[in-house]
């Protein structure tokens, strides 16, 4: 058995290297994608080794074993196109299951009740015609024939949705450099008490966990831009990326200021607070450890004067588990992100 394995190994070693050159030449002729060329290099490396070691190949190219096994099962040296990605679209797609008669009835019913929702219309359709028409089928009819009570308003809403869809999401940011100001998270806390509203804008640095907050009377892009200017002043303008939710306060003037300073903007996914966990935790500390202890006041100047003490304690005194129980300022100094500064000079 050992002799047979040795003989097979020698046989593999005797394969001419011209074969692998031919593979590369064929891949170039076929104009394979960059990904397919890379996969071909995996198998040239794999087959050129006497032991044909999957583990060694994975370690060399820094890929998972499951990836190699998947593509090895598909690889055909007689057809290098097998290394290309295949379409993942489903073979059988959903088709409209509504006939013209049902469609005309649905259109008439919608025109008679333009302000009703699709669920109510589907129920009314069943009661009148003794047939079932699902709410999503009704929604399709409304969308296709644009049966909206206020078409102009709907057009604006759709345009807003398309614009929101183009936003860069924080999940697309693959690299987070360990630098102060490289990635800052922004959020807004809304306080409602006795018929009055106040808004606390908050910020935390992704790497050092240095935080800042300030109260405003309005939740506007003007307030957000003012807050960003103060953050830029604190960090000497060294801000590369801002991350915030999809609130209107982070539009217009805030966006214009980011553009002026060359700050890239990333947004959280809708209704996904886990996209911003560090700042969510800071907001909780601010609310439960400070606001609930009787420190809240509707007077903005008085509030911000009191808030300064909490910010100083958070950055200079409070140990953080995520920073191996260093304070954010000490952590930043340790990793040479800034020189040692006094609280008064930093958060004045």
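At a glance:
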read-out: Average Cα contact separation per residue, the stretch 172-346, under 8 Å, 6 or more apart, as relative contact order %; value: 20
read-out: Tail beyond 32 Å, pair distance distribution of the chain (Cα, percent); value: 60
read-out: Packing-based exposure ordering (other Cβ within 10 Å, fewest first) of 161, 39, 214, 81; value: 161, 81, 214, 39
read-out: Paramagnetic reach from residue 87 (point 7 Å along Cα→Cβ, amide N under 15 Å) across the stretch 18-61; value: none
read-out: Additional length obtainable on full extension of the chain from residue 134 to residue 256, 0.36 nm per residue less Cα span; value: 39.5 nm
read-out: In nm, spacing of pseudo-spin labels at residue 318 and residue 123 (7 Å Cα→C-beta vector); value: 4.8
read-out: Computed over the stretch 133-238, Cα set: Rg, Dmax in Å; value: 20.4, 61
read-out: The stretch 100-151, relative contact order [Cα under 8 Å, separation at least 6], %; value: 38
read-out: Cα-derived Rg to Rh of the stretch 17-110, Kirkwood definition; value: 1.38
read-out: Spin-label model distance (nm) - residue 69 vs residue 219, 7 Å beyond Cα toward Cβ; value: 5.0
read-out: Within the chain, helix-based [θ] at 222 nm, where runs of 4 or more DSSP H residues each add -39,500 (n - 2.57), nearest 500; value: -15000 deg cm²/dmol
read-out: The stretch 213-324: Cα Rg divided by the 2.2 N^0.38 Å rule of thumb; value: 1.13
read-out: Label-point separation, residue 60 to residue 300 (7 Å along Cα→Cβ), nm; value: 6.5
read-out: Per-pair calculated FRET efficiency, R0 = 35 Å: residue 293 and residue 238 via Cβ, rounded to 0.05; value: 0.55
read-out: Likely footprinting exposure, 310, 254, 298, 212, fewest C-beta neighbours within 10 Å first; value: 298, 310, 212, 254
read-out: Choice from 295, 92, 53 showing the highest fluctuation, given a GNM over the chain with Cα pairs closer than 10 Å; value: 53
read-out: Among 181-192, 229-240, the order from most to least packed when residues are scored by Cβ within 10 Å on average; value: 181-192, 229-240
read-out: Scaled radius of gyration (Cα, divided by 2.2 N^0.38 Å) that the stretch 100-151 gives; value: 0.99
read-out: Under 16 Å from the residue 150 label point (7 Å along Cα→beta-carbon), backbone N, the stretch 91-116; value: 114-116
read-out: Relative contact order (%) - criterion: Cα under 8 Å, at least six apart; region: the chain; value: 10
read-out: Shape parameters for the stretch 218-266, alpha-carbon atoms, Rg then Dmax in Å; value: 9.9, 27
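Only the coordinates and a few stated rules stand behind these numbers; no lab work does. Worth saying up front: this structure is predicted, and the values here are computed from it rather than measured. Every residue, glycine among them, receives a Cβ derived from its backbone with ideal geometry; neighbour counts consider all protein chains shown.
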